[in-house]
1. Let me have the 222 nm mean residue ellipticity of the protein assembly as shown computed from DSSP H runs of 4+ only, each contributing -39500 (n - 2.57), with the sum over all residues rounded to the nearest 500.
2. At R0 = 45 Å, how high is the FRET efficiency between B:F55 and A:L100 if r is their beta carbon distance? Nearest 0.05 is fine.
3. Quick one: order A:I30, B:I114, A:I168 by neighbouring beta-carbon count within 10 Å, fewest to most.
4. For the protein assembly as shown, just run the numbers: alpha carbon Rg, then divide by 2.2 N^0.38 Å, N being how many residues it has.
5. What is the average number of partner chain Cβ atoms found within 10 Å of a Cβ in A:55-64?
6. Got a sec? How would A:F104, B:F95 order by Cβ neighbour count within 10 Å, fewest to most?
7. Which entries in the list B:K10/B:K107; A:K23/B:K10; B:K10/B:K61; A:K23/B:K61; A:K132/B:K107; A:K23/B:K9 go over 26 Å, if you measure between the two C-alpha atoms of each?
8. What Kirkwood hydrodynamic radius do you get for chain A when you take the inverse of the mean 1/r over all pairs of distinct Cα atoms, in Å?
Amino acid sequence: MELAISIILIFMITGAIFAIHAKDLLSAVISCGIVGYGLVICFLLLQAPDLAIVQIVVETITLVIMVAVVLSSTREEIKVKYGSNEIISTLTGVLVVVVLFYFFTLATRHLDHLGSHALRMANAYVDGAAEKTGSANLVTGVLFDFRGYDTLGETVILITAVLGVITILRIKGKN
Amino acid sequence: MQGMSVIVKKVTQLIAGIIFLYGIYIIIHGHLTPGGGFAGGALIAGSFILLILAFGSDILKLKQEETGSSITENIAILMVLLIAVMGLLFGAKVFFINYLPVGTAGKLISAGVIPLYNIFIGIEVAAAILTIFLALVIFKEESTK
């Protein structure tokens, strides 16, 4: 299974790199879709159907909105010239990535195998969830009962995003 | 906003209702099968977006729909908070506690307040995605005028 996930990850990275360098914005958006649908297959291979359903629906809707609404006005890409500012910021970005990668390798050396150290918490949830919440789907039981504050935070994030979109677009539309 | 061709309109007539019903099914069975409020709400918003894109719409009608969907969204999130605050009045008096009877796992009416949270969060997600879409469409229509 790890081999299949690695192949899909390489495919997704190729799609993301192509999306940056594509000449036409429409092909860039469609190759962004490769990343999203590759993630759906990864979720299915890792046995997470809840996340796969959400990801496939949201990916389709964002792709439709991008193609039908956002892209039809400005199709061409804006060209950027490279000066000293861009070189300095690129070098800073590469430096930050190298430092972060070094410290991540130091940190992951002290962890156990992927997922095994988190099993104490997960076992406590899985053992009690069906009797305590009465929900046959354990993901929903954890999401709305044990981690209710998480769900409340997600919905507040969504409502804040809607407020931001409405505010910005209304100001621009009147001028 | 312009509509699309006859083929797209006919296929949309056939499948938009099925998508809407499937979203409601996923929300209501959220505590039994994979899925829940977020996935079902996104599906319901998808059926509305499909209808608007296929048939086109007048800009005044779009503005009315945007007002309605943003009001629906705010009422839904207030209902979620109201159900959570009701936990302070019943049972163990803790915020976000499951105060209704749990029932047997696997039945449609079970799991206490979890189906209620699923329904209202589904309405909220559907209205939020539809509001973002309508705001973008109205902005595009006004800027091309």
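Each value in this text was obtained by applying a stated rule to the coordinates, not by laboratory testing. This one's a predicted model, so the numbers in the text were calculated from it and none came from an experiment. Quick reminder, even Gly has a Cβ in these numbers, built from the backbone with ideal geometry, and neighbours come from all protein chains shown.
1. Values: 11 runs with 230 residues, N = 320.
After summing the helix terms and dividing by residue count, I get -25000 deg cm²/dmol.
2. 0.35
3. Details: A:I30 17, B:I114 26, A:I168 12.
In increasing order of surrounding Cβ atoms, one gets A:I168, A:I30, B:I114.
4. Details: Rg = 22.7 Å, N = 320, 2.2 N^0.38 = 19.7 Å.
Dividing the Cα Rg of the protein assembly as shown by 2.2 N^0.38 Å gives 1.15.
5. On the way: counts 2, 2, 14, 7, 1, 4, 10, 3, 0, 5.
For this peptide, the per-residue mean of nearby foreign Cβ atoms is 5.
6. Numbers: A:F104 10, B:F95 13.
If I rank by nearby Cβ atoms, fewest first, I get A:F104, B:F95.
7. Working: B:K10/B:K107 38 Å; A:K23/B:K10 35 Å; B:K10/B:K61 22 Å; A:K23/B:K61 37 Å; A:K132/B:K107 15 Å; A:K23/B:K9 32 Å.
Listed pairs above 26 Å: B:K10/B:K107; A:K23/B:K10; A:K23/B:K61; A:K23/B:K9.
8. On the way: mean 1/r = 0.0482 Å⁻¹.
Across chain A, the inverse of the average 1/r is 20.7 Å.
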